[in-house]
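To start, the structure itself, in structure tokens.
The values are calculated or read from the model by the stated rules, or taken from the named source; none is laboratory data. Bear in mind that the values here come from a model prediction, so they are computed numbers and not experimental data. Cβ placement follows ideal geometry from the backbone for every residue including glycine, while neighbour counts extend to all protein chains displayed. With ligands, DNA and RNA removed, areas are computed over all heavy atoms of the protein, side chains included. Shrake-Rupley method; radii C 1.70, N 1.55, O 1.52, S 1.80 Å.
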Amino acid sequence: YKGTVKASANFKASADAEVLHKAMKGLGTDEAAILQLLTARSNAQRQEIKASYKTLFGKDLVHDLKGELGGKFETLVVALMTPPLTYDVTSLHHAIKGAGTDEKVLVEILASRTPQQVKDIIAAYKTEYDHDLEKDICGDTSGHFQRLLVILLQVTLILSSFLALFKAGEQKYGTDEQSFITILGNRSAEHLRKVFDAYTKLSGYEMEESIKRETSGSLRALLLAVVKCARSVPSYFAETLYYAMKGAGTDDDTLIRVMVTRCEVDMLDIRAAFRRMFACSLHSMIKGDTNGDYRKTLLLLCGGDDA
């Protein structure tokens, strides 16, 4: 188990619901009680607490939390209360449906989820919005970027030779993006890693270098995400977190999304990768970049300092 957030052993949903109700009752809110409890329960347990809260108090727990909390802390807590599949589906929907497309969200989710998770996302999206995810993405994107997203949605296993990549990339003037896309759309990470090694031997370039030289914009971002996830999903997320906090201003949407979606999956591996790749620990970077209850909650999800 590589997550930092685990199911609580002595779990009683009704007792937890009582604690949360008490934390929100009357004047003032006990934010500390809320964040400590929610980060010490798995998502599945939080869903049971939500059901128990409804039974005991006749109210929706998420609605009550929203009424008591505010800002980024509220966004983070609501994310923690959302089932993982629903969270992915809602994130994709918001990324497509608003004014303009949030390509970063499409790239991150579709490049990093397993084939089975992608299938579940497509089905849940259909149930939730009575829309076809592929059609919605196609209506909102274009060109090679769109084509690769569609391949990732179809989760196809197209086994092509690395030679095609070499011919498509370094060997000829003007890149045949279609070949890149077809081969990288193959979701077998193990196969892709062999392809990358062979490509490097043959061309003298790392796959990432070639992509950076030969492509640009959202296509480049998506191709790089696919390659990075094939090499190591935790390293991909370590880098995503680093750049969400680096420099002036914080990309809080990305920070929240990654911390919430990975805390029960591979946060320990992400922390290790972060420490290996950058000059500080994930814990210390979050600490220096955030504040208040928002910071406290993120640090609990991070689960420790590797300094």
| query | Which of the residues belonging to the stretch 45-62 are touching an Asp or Glu at 6+ places or on another chain (Cβ under 9 Å) and exposed (fewer than 15 other Cβ atoms within 10 Å of the Cβ)? | reply | LYS54, LEU56
| query | Within the set of pairs 6 or more residues apart or between chains, which connect a residue that is in contact (Cβ under 8 Å) with a residue 24 or more places away in the chain and part of a helix (DSSP H, G or I) inside the stretch 276-304 to a residue that is open to solvent by less than 30 Å² (accessible area, probe 1.4 Å) and among the small types (Gly, Ala, Ser) with Cβ atoms less than 7 Å apart? | reply | MET277/SER235; MET277/ALA238; HIS283/GLY304
| Any residue in the stretch 235-242 that is in contact (Cβ under 8 Å) with a residue 60 or more places away in the chain and within 19 Å of ASN43 (Cβ to Cβ)? | yes
| field | Qualifying positions in the stretch 76-98 - within 15 Å of the chain's Cα centre (by Cα), over 22 Å from LEU152 (Cβ atoms) and either at pLDDT below 95 or part of a helix (DSSP H, G or I) (or both) | value | LEU76, ALA79, LEU80
| request: Could you check ALA123 against (1) over 20 Å from the mean Cα position of the chain (by Cα); (2) modelled with pLDDT of 85 or more; (3) surrounded by fewer than 16 Cβ atoms within 10 Å (Cβ to Cβ); (4) not basic (Lys, Arg) and say which number it fails? | output: (1)
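Rundown of residues vs (1) of a type in the set (Lys, Arg); (2) out of contact with any Leu (no Cβ under 9 Å at 6 or more places or on another chain); (3) on the phi < 0 side of the Ramachandran plot, yes/no style:
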{"position": "SER42", "(1), (2), (3)": "no, yes, yes"}
{"position": "GLN47", "(1), (2), (3)": "no, yes, yes"}
{"position": "LYS50", "(1), (2), (3)": "yes, no, yes"}
{"position": "TYR53", "(1), (2), (3)": "no, no, yes"}
{"position": "GLY70", "(1), (2), (3)": "no, yes, yes"}
{"position": "ALA95", "(1), (2), (3)": "no, no, yes"}
{"position": "ILE109", "(1), (2), (3)": "no, no, yes"}
| remark: Checked the stretch 294-307 for anything of a type in the set (A, V, I, L, M, F, W, C) and either open to solvent by 40 Å² or more (accessible area, probe 1.4 Å) or on the phi > 0 side of the Ramachandran plot (or both); matches are LEU300, ALA307
| said: Test of understanding: among THR101, THR4, which residue is more than 16 Å from ILE256 (Cα to Cα), part of a loop (DSSP other than H, G, I, E, B), touching a residue at least 40 places away in the same chain (Cβ under 8 Å) and not aliphatic (A, V, I, L, M)? | reply: THR101
| Residues within the stretch 63-86 that are surrounded by 15 or more Cβ atoms within 10 Å (Cβ to Cβ) and either more than 24 Å from SER14 (Cβ to Cβ) or among the aliphatic types (A, V, I, L, M) (or both), tallied | 13
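Per-residue answers, yes or no, for (1) under 20 Å from ALA221 (Cα atoms); (2) touching a Gly at 6+ places or on another chain (Cβ under 9 Å):
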{"site": "GLN117", "(1), (2)": "no, no"}
{"site": "ALA123", "(1), (2)": "no, no"}
{"site": "LYS126", "(1), (2)": "no, no"}
{"site": "HIS131", "(1), (2)": "no, no"}
{"site": "LYS135", "(1), (2)": "no, no"}
{"site": "THR141", "(1), (2)": "yes, no"}
{"site": "PHE145", "(1), (2)": "yes, yes"}
{"site": "LEU148", "(1), (2)": "yes, yes"}
{"site": "ILE151", "(1), (2)": "yes, yes"}
| note | For the stretch 22-36 the number of residues that are assigned to a helix (DSSP H, G or I) and touching a helix residue (DSSP H, G or I) at 6+ places or on another chain (Cβ under 6 Å) is 6
| request: Only residues that are of a type in the set (D, E, K, R) and closer than 22 Å to LEU298 by Cα: list them for the stretch 17-39, please. | output: ASP30, GLU31
| Within the stretch 247-293, how many residues turn out to be open to solvent by less than 50 Å² (accessible area, probe 1.4 Å) and of a type in the set (Lys, Arg)? | 3
| remark: In the stretch 206-226, anything without any contact (Cβ under 8 Å) to a residue 60 or more places away in the chain and surrounded by 22 or more Cβ atoms within 10 Å (Cβ to Cβ) is listed as MET207, SER210, ILE211
